[in-house]
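Data block below; observations after.
The values are calculated or read from the model by the stated rules, or taken from the named source; none is laboratory data. This is a predicted model, so every value here is computed, not measured. Don't worry about glycine lacking a Cβ; one is built from the backbone with ideal geometry, like all the others, and counts go over all protein chains shown. For accessibility, only protein heavy atoms count, side chains too; no ligands or nucleic acids. Shrake-Rupley method; radii C 1.70, N 1.55, O 1.52, S 1.80 Å.
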Protein chains: 2
Amino acid sequence: MIDRAARAASDAFAMYGWLSGRKKGELLRAIASRLEEHKDAIVNRANLETSLGVPRLQNELVRTCNQLRVFAALIEEGSWVDARIDHGKVDVRSMLRPIGPVAVFGASNFPLAFSVPGGDTASALAAGCPVIVKAHPAHPETSKLVGRVISEVAPSGVFALVEGFEAGIELVEHPLIKAVAFTGSRRGGRALMDIAAARAEPIPVYAEMGSINPVFILPRAMRERGAEIAAGLHASVTLGVGQFCTNPGLVIAAETNAAFVDDLSNRMSATACAPMLTPSIADAYRAGVEHFASLVDRRAFVEGGAALFTTNAPTFLRHEELMEEVFGPSTLVVECDSHERMLDIARALEGQLTATIHANDGDDYQDLAKILETKVGRMIFNGYPTGVEVVPAMVHGGPFPATSDGRSTSVGTRAIERFTRAVAWQNAPDAILPEELKESNPLGIRRMVDGITR
Amino acid sequence: MIDRAARAASDAFAMYGWLSGRKKGELLRAIASRLEEHKDAIVNRANLETSLGVPRLQNELVRTCNQLRVFAALIEEGSWVDARIDHGKVDVRSMLRPIGPVAVFGASNFPLAFSVPGGDTASALAAGCPVIVKAHPAHPETSKLVGRVISEVAPSGVFALVEGFEAGIELVEHPLIKAVAFTGSRRGGRALMDIAAARAEPIPVYAEMGSINPVFILPRAMRERGAEIAAGLHASVTLGVGQFCTNPGLVIAAETNAAFVDDLSNRMSATACAPMLTPSIADAYRAGVEHFASLVDRRAFVEGGAALFTTNAPTFLRHEELMEEVFGPSTLVVECDSHERMLDIARALEGQLTATIHANDGDDYQDLAKILETKVGRMIFNGYPTGVEVVPAMVHGGPFPATSDGRSTSVGTRAIERFTRAVAWQNAPDAILPEELKESNPLGIRRMVDGITR
């Protein structure tokens, strides 16, 4: 089964990898249109399987179609390939070309936007790579329904859906698979990284493995906007039952502030219970919360609901486990007694998807920002980490263990680069060159010619 | 020793990673100027250690200084950082930032251009990464001399030289090292890949591990230009005693051609003996040549000198060992009896740095080119693979096992991207943004603003 899908993908690559941006764009737009045609069935099925609620899933479907169309527009325009031409002693021309068939592992927490029709699939298809998706077991019927919708418009071999733990491993081990994209746990991501690195031909793995997304609150911001920040943080921590990889699981307060903690605590306590994605996610959440409770001063912990912990900097720095992600609506506030303590915490952090700084005029955060910049993919100022805009500048990535490959992003147009490699043609006849590299620039794309981009 | 160098590099990164392109450019230009000031001492020392000859080493020094200045010009201009700004619901800005301290492993066969002051060092320093070079044992005194020259102009911690096998391993294992660049054998490169992948925090390894650089000669090209191609191939195979990673170790002739083989054989036999880089490289060459001789029809084999073998397609396809690199002035001609046989060989090839097609008008090579494009970093037409121009469009890379990371190149300006990662700032005050992302564009670089590049 896996071998057949991989061979079909590899065969299809010989054709699909050379389709024009216009043709690939048509496919992405057709997938988006068909998802919209079937939106009620898809959203209802996803709601049954994930309990995420119809409004959220309707938004997710809109976002998913938007992503597909963003990548369609990118490849229709065409300049993304970084075409370069040098008319030197020898004529050298190069551009980004698709890497080959890609295995995509759908996420549990976004049954559409980071699953079968999600950003990994969209960016790999846009690059010119056939995709084999390994469906997440948390929403098998949604995956199959969406998989059928895509299969009806994709050329033969360009898209396939497989299921099961073993199938996923076989896929990553298969010699015809040339890259892997994954969104999920650190344990799962690391396992795929290790399998891919041990292959006879190691291949890149883009695993987005979550993050605790630290939020630093500086003294003046705390004094002048403490209540507003408590409200914003509460909304961000509890959004979607806290089941986002950008969920802020750690808050570092530059000074002790009882009013802020009480305020946040009251808000967390008042949060209505809501079902989580799967029973095993709920079990893991309960276990994580209980473990945290054993390590720190428990301030507020609502059975089955949102959880808030507080501790001081020395306790936090002593317990590495407190830097682990508790996937769900839980956060830990660390109160610091000095600026230097706050910097110590920043220095002790592992790689993160995001870090946030709340600072008002007069707050000194230059040194903090410099430290955090080396640890994260996205620095946020006076905001909250949840909500990842699908724009060209977005970086949804970060140093290990936030992702397996801190050079990459899984959201935004740069995500397409993950599934490409540069190829050069030297002294090639114009007729054999890809359109993007022909002397006359028939596609009218932006190119670097003899060092000048135009 | 390694720990001290890594800590110094990490400390220096906090400063050096934020230096302007102009300042980093000054460093690269200062290194080039000082290499030129000391060129006689450096070339003489390198000649004593490598036997490569003064003219070749003088050229290599010129090339090395040129590379340093190419990267200086790139970062002085500044647009390479791929700055992007989106003024949306939230303000998101991103650019490529340096990845952190880099370990560079010098190559045996280029004591300058791919060693201490070579392309890996130049591109990492250009990106903003401190560099620790592990000197190649084939030219220790050259390495130390050049290392001193660089250390005299580099800020403290930004450059260090270490020696020894164990030191190299410690370096790749050190938690403060964030990327590795290597040029050498497949065994050595794979060992570093495995060490890096097994770290608590896996890091990228850019290992350039050589290649057999297949040259395909189509029927009309053979008939109409056979003698010319034999002369060109002979020059390419024997250049620098065959000690180039772009050395053409495999020639696939679309049809049997006794005159061509005789011609090439005569030229190879007439090649003067020359010393190789090290006794162990010479030993490995002799062993490789003897192994090949046991597998194929031996046509010409000059004791201690250039070696030519011929065989037919079925024999070649039966012996995987014939696809292994014999580092030195040796090549294998495979004679095919049909176009389809030639395509079978193309399909059977592993990843390569280059592939070359010799074709005249009327030769059909579209299908061959499509197959080869998926296997190589650079496709050459009617030329020879040796000689890698340092130009923006160059790709000196290729799928595994040619390199560890087929997405990258170690020559040309794209090489800088290896040592970077994208970082985003969201709703950041203008004052804290890097110059490249400030609203007023003080550096006047090319940026993508709201999706439009200008």
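Beta carbons closer than 6 Å, at least 6 apart along the sequence or on distinct chains, never pair a first residue in segment A:268-283 that is assigned to a helix (DSSP H, G or I) with a second that is open to solvent by 60 Å² or more (accessible area, probe 1.4 Å).
Residues in segment A:8-33 that are within 14 Å of chain B (Cβ to nearest Cβ) and in contact (Cβ under 8 Å) with a residue 12 or more places away in the chain: A:Ala9, A:Ser10, A:Asp11, A:Ala12, A:Phe13, A:Met15, A:Tyr16, A:Gly17, A:Trp18, A:Leu19. For segment A:418-432, the tally of residues that are buried (at least 17 other Cβ atoms within 10 Å of the Cβ) and either in contact (Cβ under 8 Å) with a residue 60 or more places away in the chain or within 30 Å of the chain's Cα centre (by Cα) (or both) stands at 10. Note on segment A:334-359: residues that are among the hydroxyl-bearing types (Ser, Thr, Tyr) and free of Cβ contacts under 8 Å to residues at least 12 places away in the same chain total 1.
Being of a type outside the set (Val, Ile, Thr) and part of a loop (DSSP other than H, G, I, E, B) is the filter here, so list the residues in segment B:96-115 that pass it. Before you say what the answer is, go through the steps one by one.
Here is the first cut: in segment B:96-115, the residues of a type outside the set (Val, Ile, Thr) are B:96-98, B:100-101, B:103, B:105-115.
If the condition is that a residue be of a type outside the set (Val, Ile, Thr) and part of a loop (DSSP other than H, G, I, E, B), then B:Gly100, B:Pro101, B:Gly106, B:Ala107, B:Ser108, B:Asn109, B:Phe110, B:Pro111, B:Leu112, B:Ala113, B:Phe114, B:Ser115 are the ones that fit.
Of the residues making up segment B:430-443, those that are among the aliphatic types (A, V, I, L, M) and either within 14 Å of chain A (Cβ to nearest Cβ) or not in a loop (DSSP other than H, G, I, E, B) (or both) are B:Ala431, B:Ile432, B:Leu433, B:Leu437. Yes or no: A:Arg4 away from every other protein chain (no Cβ under 14 Å) and over 23 Å from the mean Cα position of the chain (by Cα)? So A:Arg4 fits the description; yes. Scanning segment B:178-211 for residues that are touching a Pro at 6+ places or on another chain (Cβ under 8 Å) and open to solvent by 10 Å² or more (accessible area, probe 1.4 Å) returns B:Lys178, B:Arg186, B:Arg190, B:Met193, B:Ala197, B:Arg199, B:Ala200, B:Glu201.
Within segment A:408-429, is there a residue that is acidic (Asp, Glu), in contact with a strand residue (DSSP E or B) (Cβ under 8 Å, 6 or more places away or on another chain), in a loop (DSSP other than H, G, I, E, B) and more than 7 Å from chain B (Cβ to nearest Cβ)? No, segment A:408-429 contains no residue that is acidic (Asp, Glu), in contact with a strand residue (DSSP E or B) (Cβ under 8 Å, 6 or more places away or on another chain), in a loop (DSSP other than H, G, I, E, B) and more than 7 Å from chain B (Cβ to nearest Cβ). The helices (runs of 4 or more DSSP H) found entirely in segment B:311-380 that carry 2 or more residues being under 22 Å from B:Ser294 (Cβ atoms) and open to solvent by 10 Å² or more (accessible area, probe 1.4 Å) are B:313-318.
The set of residues in segment B:355-370 that are at the interface with chain A (Cβ under 8 Å from one of its Cβ atoms) and under 23 Å from the mean Cα position of the chain (by Cα) contains only B:Ala369. Entry remark, segment A:386-403: residues being in contact (Cβ under 8 Å) with a residue 60 or more places away in the chain, open to solvent by less than 20 Å² (accessible area, probe 1.4 Å) and within 8 Å of chain B (Cβ to nearest Cβ) number 2 in total.
Within segment A:75-91, the set of residues being facing chain B (nearest Cβ under 7 Å) and β-branched (Val, Ile, Thr) comprises A:Ile85, A:Val90. Selection over segment A:110-127 of residues that are open to solvent by less than 10 Å² (accessible area, probe 1.4 Å) and within 24 Å of A:Phe244 (Cβ to Cβ) gives a count of 12.
Contact map, segment B:92-107: residues that are within 9 Å of another protein chain (Cβ to nearest Cβ) and more than 17 Å from A:His396 (Cα to Cα) paired with residues that are assigned to a strand (DSSP E or B) and small (Gly, Ala, Ser), Cβ distance under 9 Å, separation 6+ or inter-chain. Pairs shown: B:Gly100/B:Ala179. Answer yes or no: is there a residue in segment A:444-454 that is more than 10 Å from chain B (Cβ to nearest Cβ) and either open to solvent by less than 10 Å² (accessible area, probe 1.4 Å) or touching a Gly at 6+ places or on another chain (Cβ under 9 Å) (or both). Checked against the condition, which is being more than 10 Å from chain B (Cβ to nearest Cβ) and either open to solvent by less than 10 Å² (accessible area, probe 1.4 Å) or touching a Gly at 6+ places or on another chain (Cβ under 9 Å) (or both), segment A:444-454 yields at least one hit.
Summed over segment B:208-239, residues that are touching a Leu at 6+ places or on another chain (Cβ under 6 Å) and among the aliphatic types (A, V, I, L, M) total 2. For segment A:9-52, a residue qualifies if it is under 21 Å from B:Thr374 (Cβ atoms) and open to solvent by 40 Å² or more (accessible area, probe 1.4 Å), and the qualifying residues are A:Asp11, A:Ala14, A:Met15, A:Trp18, A:Leu19, A:Ser20, A:Lys23.
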